[in-house]
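Working notes for the structure below.
The values are calculated or read from the model by the stated rules, or taken from the named source; none is laboratory data. Not measured: the values here are computed from a predicted model. FYI the Cβ positions are ideal-geometry reconstructions off the backbone, even for glycines, and counts take in every protein chain you see.
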Amino acid sequence: MSIRNCRYQVSIIVIFSIFVLLPQPSSAQLKFDEGVWVSYTDFRHVVDVDVGKNYIYVATSGGVLRYHRYKKRWEDPWVVVRGYDNAIDLRTAANVDYLSDTDEVAVLTTRGAFVYNPVFKYWKPTTHSFATPQQIDLTDAVFLKTPDFTISHRTYFPQGNNMVMDNKLRKYPLTVYADDEWGNWWIGLDGVGVLQLDIHSKRGTVWEMGFFGTNVQAIARGKGWTISAGQNRNGGITFWKRRANIWDHLEPAYTTSLESAWINDIAVAGKYALAATDNGLTKINLKNGNCDTWNVHDGLWSNRTVCVAVDKDTAWVGTEDGVCKVFLPKGPIVRMQQPALGHQIFYDIAVDKQAIWCGGNMGLYRLDRETGKGGYLGLSGGVGGPVYSIHSTNSEIWVGRMSGVEVINKRSLKQTGYPSYAHMHGAEIYAVYAKGNLAWVGTNSGLWKFDRSRNYWHQYTYLDGLLDNRVYEIYPDGDYLLIGTASGVTRFFWNDPDRVD
């Protein structure tokens, strides 16, 4: 062997030894790259701001926001992040410090203090001593604007004494801030988000941040907005443009004809969003935010609407007392007269060219669109009970029942059951979504993936990166899933070609 080859082998051994000795994330976390799980929640309460080499870091009660100074855009927030052993929760943040010597970022939360390693891209505990957040003292801001068009048409005005008021006469205090030394102050606007203020012109941009009500049980898309809502008594309907980081909301107290923030389902029909609430079916104009609400006096079986599905210019609405059909955009409303579609609660409806599929306490009802006749499907495969979720594909209907998941061939009506006790540890089923050989099931014990080609079930939980184990909604987003939970939304890169689970 030549001396050159010997030296080459020695170098390889040394490099390998150094790599092995460096701290590495555990194998449990290595299967998820940074960005596979990204969560969004309520970021409206800012507690600290710091300036880094490339980013502005904003600590909130919902996690850490990041604004790229050169690209001039908001990047993915840090909420439930990649830890050394398991995911780390950065909600309840109290401080954020940029460590210029190491290019690290330290965050103090009620769950402990953690530091981000930019080389290996994971978080670990730290004993860093945090600086006290700087409190703002601002008296001379002149003009405030929002970054883009908003559904609510909400505007903001400076009030002096470190206070901002919106056009509904609600006041929000300015709290902490940091100077980026490029002519901007980044200021916490408590109850809203972040004020980016040009200190030379005294003009500022108000960035509303995060969900207005973190319980997310319904997600839909329309007119460029991702629309979400849930059962939030003190919340509303959130409108979100993720790439531009534009957030907006409608709330009942300040929106004419939006009667309730307790929202069970949302569907989009053209320029309208339809929200099934516990006080009627609300139609929202996505161009101007105007609302109209239909109730029992307009023909609904009940004011408590539970689900809504759209088919061109018709909406099918499930209420606690039966199913109705609404002709859009103005009505009328027709109560379905089939005895089996009345006098019970319906939790979900799916529509295809041949049939209307209605899931309720009595099971799954198929209404043939051509003949107007229908009936309940029998039970098969050890799965029974009320139907809580329905997803329609080209050839199948996926049904989430009380005791498991059922798959029905649309042509033959053959049923295949997957009992929860056998495949999902007895979990309660809240949502079902299927695409190709994969199906996704939202439960009270996380997100389950079913790979039909391998007949294999896999569970994802809070330890992997989910915001909350209570998964109420699953909405497709290309190679990602938007997962609605009791605490907000997690965006999951399900189609990572380098990962097998």
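With the condition kept exactly as written, say whether any residue in the stretch 483-496 is in contact with a Gly (Cβ under 6 Å, 6 or more places away or on another chain) and either surrounded by fewer than 16 Cβ atoms within 10 Å (Cβ to Cβ) or among the acidic types (Asp, Glu) (or both).
no
Tell me which residues, restricted to the stretch 111-135, are modelled with pLDDT under 95 and either assigned to a loop (DSSP other than H, G, I, E, B) or closer than 15 Å to Thr60 by Cα (or both).
Arg111, Pro118, Val119, Phe120, Lys121
Please enumerate the residues belonging to the stretch 245-260 that are under 19 Å from Gly62 (Cα atoms) and part of a loop (DSSP other than H, G, I, E, B).
Asn245 - this is the single residue of the stretch 245-260 that is under 19 Å from Gly62 (Cα atoms) and part of a loop (DSSP other than H, G, I, E, B).
Among the residues that make up the stretch 75-89, is at least one of them part of a loop (DSSP other than H, G, I, E, B), among the basic types (Lys, Arg) and touching a Ser or Thr at 6+ places or on another chain (Cβ under 7 Å)?
Checked against the condition, which is being part of a loop (DSSP other than H, G, I, E, B), among the basic types (Lys, Arg) and touching a Ser or Thr at 6+ places or on another chain (Cβ under 7 Å), the stretch 75-89 yields no hits at all.
Residues of the stretch 154-177 being touching a residue at least 24 places away in the same chain (Cβ under 8 Å), in contact with an Asp or Glu (Cβ under 9 Å, 6 or more places away or on another chain) and in a loop (DSSP other than H, G, I, E, B), which ones?
Arg154, Asn162
Filter the stretch 449-463 for residues that are part of a strand (DSSP E or B) and charged (D, E, K, R); which is farthest from the chain's Cα centre (by Cα)?
Result: Asp451.
Hey, among the residues in the stretch 32-91 that are touching a Gly at 6+ places or on another chain (Cβ under 8 Å) and among the polar types (S, T, N, Q), which one's nearest to Phe492 (Cα to Cα)?
The selected residue is Ser39.
Identify the residue in the stretch 436-446 that is out of contact with any Asp or Glu (no Cβ under 9 Å at 6 or more places or on another chain) and modelled with pLDDT of 95 or more and, among all such residues, is surrounded by the fewest Cβ atoms within 10 Å (Cβ to Cβ).
Trp440
Given the conditions (1) of a type outside the set (S, T, N, Q); (2) under 18 Å from Val58 (Cβ atoms); (3) not assigned by TED's automatic domain parsing to the domain that holds Asp321, and given that Arg242 satisfies all but one, which numbered condition is not satisfied?
Of (1) of a type outside the set (S, T, N, Q); (2) under 18 Å from Val58 (Cβ atoms); (3) not assigned by TED's automatic domain parsing to the domain that holds Asp321, only one is false for Arg242: (3).
Only residues that are part of a loop (DSSP other than H, G, I, E, B), under 20 Å from Arg82 (Cα atoms) and under 10 Å from the mean Cα position of the chain (by Cα): list them for the stretch 464-495, please.
Of everything in the stretch 464-495, those that are part of a loop (DSSP other than H, G, I, E, B), under 20 Å from Arg82 (Cα atoms) and under 10 Å from the mean Cα position of the chain (by Cα) turn out to be Leu467, Ser487.
Among what's in the stretch 342-351 and is at pLDDT 95 or above and not in a loop (DSSP other than H, G, I, E, B), pick the residue that is farthest from Leu367 (Cα to Cα).
Per the stated criteria, the residue is Tyr347.
Given the residues Gly404, Gly381, Gly375, which is the only one that is in the same structural domain as Asp321 (by TED's automatic domain parsing) and buried (at least 22 other Cβ atoms within 10 Å of the Cβ)?
Exactly one of Gly404, Gly381, Gly375 is in the same structural domain as Asp321 (by TED's automatic domain parsing) and buried (at least 22 other Cβ atoms within 10 Å of the Cβ), namely Gly404.
So, in the stretch 350-397, exactly how many residues are in contact with a Gly (Cβ under 8 Å, 6 or more places away or on another chain), β-branched (Val, Ile, Thr) and without any contact (Cβ under 8 Å) to a residue 40 or more places away in the chain?
Residues in the stretch 350-397 being in contact with a Gly (Cβ under 8 Å, 6 or more places away or on another chain), β-branched (Val, Ile, Thr) and without any contact (Cβ under 8 Å) to a residue 40 or more places away in the chain: 1 in total.
For the stretch 55-104, give me each residue that is within 19 Å of Val36 (Cβ to Cβ) and among the polar types (S, T, N, Q).
Asn86
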